[in-house]
C-alpha cells in the first residue's frame, strides 16, 4: 500500500497553527459562553492582551504529559489516573461527575456514564486536536484514540461521537482541504443515528440549499436546540455553519461564535481546524497578535511541566506524532516532502478502527493486567442490591484478540457467587448478597498460561447509588469554586482522590 508522506516542515507549521487557532477562537468566544442569543461580533470584544485560560487546551496538555510518560497507546486506567492527578479540581458538568465516579472507585468507561446527566455535552469534543495532531492523515486512528479519551466522561453520549468526529476531520485536514470531503470523513466514524450526525447533516443541507446563515442557525436551534448551552449537537452544527458560511478566517470564527451557546468551544474548535487547513499564513496578524505565544493555564489545571508557549507545545506534539505514526499507523509517515498517493481518499475514509471501538461495552470497567486487557461487565448499573441476584461478566483480550483462561471472582465475606455460563467471549457469574456496604470490592483472578493476573473492581451498594438530580453540578468549595474534594485553596499533592 502506498503511504501518505507528510512533509515534516509543513506538518510542524500546521500543528503550530492548530494550537494558535485554538487559542484565538477560544479567546474570542470566552466572554459570550453560555449565552443563547445571537451575537454580532466581527472581532474580539474586548480585545485581549493574552489568550484566555481555557480547559479546551489545558486538558489536552494533560494528555500530552500522559502520552510522553505512558507511551502512545495509553490505557483507560492511564486516562483516569492523569485526570485524578491534574484535572479533578474542575467541577463543571461531566468533569465533576467523572471525578465523583473515580473517587468512588468506578473506572472507565462506566465512569463516563453512571449518574452523569452531561454525557451529551462539549467537554470531550473540545479535546480532539491532540489526537488529530499525533495521528495526522490517519483519521480512523485519530478517532479511535479520541474514543478512549471521550469515554472517561461521555461514555455512550453525543460528546463521545463529537470528539471522534472532530479528531477524524482534523486529522484528514492535514492532507485534504475540501470541507464537504472532510465532513464526510468525520461522519463515517460515528453512528448515522447519532444526534450529532443528524445536526451536522442539517447544517450542510442548509448551506447547499442556499438557506441564509440566520435561517440556518434558527433551524438548528429549532430542531436540535437544547436548554443546556453546552449540549453537543447544536454546537457542532454551529461550528459547521461558521466554517461553511464564513468568507475568511475571522469571518468564519465570528459566524460560529455569533450563533451563541457554547461559544468558547465552538470558536476554539473551528479556529484549530482552520489553522490546520491553512497554516499560519491563513491566520491574519490582527487575530494572532492579541493572544500572543504564551499558554495561560486555567487555575483548575494541576501544575506540572506543561509547555509555556505554543512553540514548545508544537515541538512536543510533533515528537509524539513521530512515535504514533511509526508504531500505530499503516498509512502515514513523516518525510522530507509531501507525497500524496492517488488513492488518498480511500485511505482517509477507512473507518474499521473507529467502528470497532464503538462495539466496546460501556457498562463496564476495563483495566490492564500486564499486557492482558480485563473487562468487568456490569450488565447495567454498577450496583448490587440486597437479595437481588446480579449478573457480571469478565472478558480478556490481548492486542484486541480474545484470550482464554480460568477466571474466578473473589467477593466480600457473606456474598454468594456462582459461575453461570459463557457467552459472547465472556465468563458470566451470578452474585447475591444480603449485607452490602456502600462501596464493595470484587477481585477478578485470571489464570492464563500459568500466569495469574488479579485486579480489583468496585461495585456500589444502593446507599451509594441513590441518584443525582438532572442538570445539577457536583458541590464546590465556596472560596475557590473547585470540586469540593479537590479544593485548590491549599496546595495538594498528586493524590487528590
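The values are calculated or read from the model by the stated rules, or taken from the named source; none is laboratory data. Predicted model only: the values in this text are computed from it and were never measured. Neighbour counts run over all protein chains shown; Cβ positions are idealised from the backbone, glycine included.
Data overview
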item	result
Candidates 42, 56 - the one that is assigned by TED's automatic domain parsing to the domain that holds residue 23 and part of a loop (DSSP other than H, G, I, E, B)	42
Criterion (closer than 26 Å to residue 295 by Cα and touching a strand residue (DSSP E or B) at 6+ places or on another chain (Cβ under 7 Å)) met by exactly one of 124, 75, 99	99
Residue among 299, 247 that is in contact (Cβ under 8 Å) with a residue 24 or more places away in the chain and either crowded, with 18+ Cβ neighbours inside 10 Å or not in a helix (DSSP H, G or I) (or both)	299
Considering residues of the stretch 417-428 that are part of a strand (DSSP E or B) and modelled with pLDDT under 85 only, the residue farthest from the chain's Cα centre (by Cα)	422
Lone qualifier among 260, 162, 250, 242 - being farther than 18 Å from residue 56 by Cβ, at pLDDT 95 or above and assigned by TED's automatic domain parsing to the domain that holds residue 10	250
Filter result for the condition that a residue is farther than 17 Å from residue 144 by Cβ, crowded, with 23+ Cβ neighbours inside 10 Å, more than 17 Å from the chain's Cα centre (by Cα) and at pLDDT 95 or above, over 59, 98, 106	106
Per-region count, the stretch 374-386, residues assigned to a loop (DSSP other than H, G, I, E, B) and either in contact with a strand residue (DSSP E or B) (Cβ under 7 Å, 6 or more places away or on another chain) or in the same structural domain as residue 113 (by TED's automatic domain parsing) (or both)	4
Boolean, residue 9 is closer than 24 Å to residue 273 by Cβ, free of Cβ contacts under 8 Å to residues at least 60 places away in the same chain and not in a loop (DSSP other than H, G, I, E, B)	yes
Top-ranked residue of the stretch 361-386 - restricted to ones that are modelled with pLDDT of 95 or more and surrounded by fewer than 16 Cβ atoms within 10 Å (Cβ to Cβ), ranked as farthest from residue 411 (Cα to Cα)	380
Residues (surrounded by 18 or more Cβ atoms within 10 Å (Cβ to Cβ) and either closer than 16 Å to residue 375 by Cα or not assigned by TED's automatic domain parsing to the domain that holds residue 457 (or both)) located in the stretch 401-444	407, 409, 426, 427, 428, 429, 442, 444
Residues located in the stretch 74-95, provided they are within 15 Å of the chain's Cα centre (by Cα) and either under 13 Å from residue 483 (Cα atoms) or touching a residue at least 24 places away in the same chain (Cβ under 8 Å) (or both)	74, 75, 76, 77, 79, 80, 83, 87, 93, 94, 95
Criterion: in contact (Cβ under 8 Å) with a residue 60 or more places away in the chain and closer than 24 Å to residue 437 by Cβ - qualifying residue of 412, 382, 341	382
Out of 414, 467, 393, sole residue that is assigned to a loop (DSSP other than H, G, I, E, B), within 23 Å of residue 114 (Cβ to Cβ) and out of contact with any helix residue (DSSP H, G or I) (no Cβ under 9 Å at 6 or more places or on another chain)	467
Single condition residue 440 does not satisfy, out of (1) modelled with pLDDT of 95 or more; (2) closer than 24 Å to residue 96 by Cβ; (3) not in a strand (DSSP E or B)	(3)
Filter result for the condition that a residue is touching a strand residue (DSSP E or B) at 6+ places or on another chain (Cβ under 8 Å) and either assigned by TED's automatic domain parsing to the domain that holds residue 69 or assigned to a helix (DSSP H, G or I) (or both), over 322, 312, 327	322
Residue within the stretch 16-28 that is at pLDDT below 95 and either assigned to a helix (DSSP H, G or I) or surrounded by fewer than 16 Cβ atoms within 10 Å (Cβ to Cβ) (or both) present	no
Test result for residue 359, free of Cβ contacts under 8 Å to residues at least 40 places away in the same chain, part of a loop (DSSP other than H, G, I, E, B) and under 30 Å from residue 180 (Cβ atoms)	yes
Failed item, numbered, when residue 132 is tested on (1) in contact (Cβ under 8 Å) with a residue 60 or more places away in the chain; (2) surrounded by fewer than 24 Cβ atoms within 10 Å (Cβ to Cβ); (3) within 23 Å of residue 348 (Cα to Cα); (4) touching a helix residue (DSSP H, G or I) at 6+ places or on another chain (Cβ under 9 Å)	(2)
